[in-house]
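Scroll down for the structure; my scribbles are underneath it.
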Amino acid sequence: MKSLVLEKKDELSLRDFPAIDREEDVLGPLDVRIKLHTVGICGSDIHYYTHGRIGHFVVNEPMILGHEASGTVIETGAGVKSVKVGDRVCMEPGIPDPNSKATRLGIYNVDPAVRFWATPPVHGILRPTCVHPEAFTFKLPDAVSFAEAAMVEPLAVGVHAATKARIKPGDIAVVMGAGPIGLVTVLSALAAGCARVFVSDLSDKKLEIAESLNPAITGVNAVTGDLVARVMKETDGWGADVVFEATGSPKAAAQIFQPLAPGGCVVMIGGQPDPISYDAGAAMVREARVENIFRYAHVFPRCVAMLASGAIDVKPLITRTFDFEESVRAFEVAASAPPADVKMQIVMPS
Ligand SMILES: [Zn+2]
């Protein structure tokens, strides 16, 4: 039974990884064993592949990739109550220390001790099975496919961002960036009640995909489209109630307050590897509220519920699916960032 292993920067292989069985796959009383079904390829997986590191997380030893996953429960610990063998599930990949101060405060995602799949030295789940705490494993209704369930992880980022923004029905939002995280943020903003969402990107193809998702979405090319002028024109000079930064680009962040209405909220989503500057004066004259998010907390059940009810449809974002045997090629394709693709997924052997 093979795993997809990042041996080192630029080198992937499909091979047995017996250490996993010995060290990490002991089933505790509150754990479940899961047979993986579908795994999404995330920007972070690609970044480890092409750069060997993200910030201070460095791949020093071979590491299994993947953290966006769904599967089937094949074994449960003695104390597990919420799922049973045969249940289809999706999994939240970050496991905090249950007794940490952050966890007790309800902000477990910022627990410094959190162990997150495919973040060195923790292995990911592009492997046959894994052991995971029941508390971070969520049963899927029949209406949610394995492919959709593997989208819950990225969707959770958008839902967490929309939650932090405290969107009200009828709000106007701007999302900078139409990559996978930008698009799930657009969908989350609409599900939270936005009347309209403007989304900007450098790629017209990405904007075309964004606009195809919902008539309330307007794409604006970040170079040729003058986002600020467009938003001002269509809001009678008032601006957007919420602006989400989902590019990670210092250039976008520098202008983040320009399209924002007085009293509005900016949510920083995009990862910023280096310190960036933004216009504090522009924030001040608007009394802007600025929120930062780190992954998500307490939103997986909401995401599953919205996929089940149809309040959010992520299916159009899944643009390519590979068999596990082709996963090295899948990563090569994903690393080349084809403009017409949003999310690529890998289906594990049955
Ligand atoms: Zn991800």
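Highest mean first, what order results for 78-84, 235-241 on Cβ atoms within 10 Å?
On the way: 78-84: 12.9, 235-241: 17.0.
Averaged packing, sorted descending, gives the order 235-241, 78-84.
Net charge near residue 333: determine it from the other residues with C-beta under 11 Å of the C-beta of residue 333, scoring Lys and Arg +1 and Asp and Glu -1. Its environment carries a net charge of -1. Between residue 168 and residue 85, full extension at 0.36 nm per residue minus the direct alpha carbon distance yields a gain of 25.8 nm.
If R0 is taken as 22 Å, the Cβ-Cβ distance between residue 60 and residue 326 corresponds to a FRET efficiency of 0.20. Spin-label model, residue 75/residue 212: points 7 Å from Cα along the beta carbon direction are separated by 4.3 nm.
For segment 149-165, putting each phi into the Karplus relation 6.51 cos²θ - 1.76 cosθ + 1.60 with θ = phi - 60° gives couplings of 5, 6, 8, 4, 4, x, 4, 4, 5, x, 5, 5, 5, 5, 5, 5, 6 Hz, in residue order, rounded to whole numbers and with x for Gly and Pro.
If you plug the beta carbon distance of residue 319 and residue 254 into 1/(1 + (r/R0)^6) with R0 = 25 Å, you get a FRET efficiency near 0.20.
Using Cβ counts within 10 Å as a stand-in for footprinting exposure, how do 336, 350, 70 rank, fewest first? Write down the numbers at each step before the final one.
Numbers: 336 9, 350 6, 70 28.
Ranking 336, 350, 70 by Cβ neighbours within 10 Å, fewest first, gives 350, 336, 70.
Modelled spin-label separation between residue 221 and residue 104, with each label point placed 7 Å from Cα along the Cα-to-Cβ direction: 5.6 nm.
Going from the residue with the fewest nearby Cβ atoms within 10 Å to the one with the most, 148, 245, 68 rank 148, 245, 68. Footprinting exposure proxy ranking of 145, 212, 277, fewest other C-beta atoms within 10 angstrom first, gives 277, 212, 145. If you fit an axis through the alpha-carbon atoms of helix 180-191 and take the longest principal axis of the Cα set of the chain, what angle between them do you get, 0 to 90°, nearest 10? With rounding to tens, the tilt is 70 degrees. Does the chain come out rounded, prolate or oblate, given a ≥ b ≥ c as the square roots of the eigenvalues of its C-alpha gyration tensor, rounded meaning a/c under 1.5 and, failing that, prolate meaning a/b above b/c? Taking the square roots of the gyration eigenvalues as a ≥ b ≥ c, the chain is prolate. The long axis of helix 300-309 is offset from the longest Cα principal axis of the chain by roughly 80 degrees.
Summarising the label geometry, the points placed 7 Å from Cα in the beta-carbon direction at residue 333 and residue 233 lie 3.8 nm from one another.
Readers should treat all values here as calculations from the given coordinates under stated rules, not as data from a laboratory. Please read all numbers here as calculations on a predicted model, not as lab measurements. Don't worry about glycine lacking a Cβ; one is built from the backbone with ideal geometry, like all the others, and counts go over all protein chains shown.
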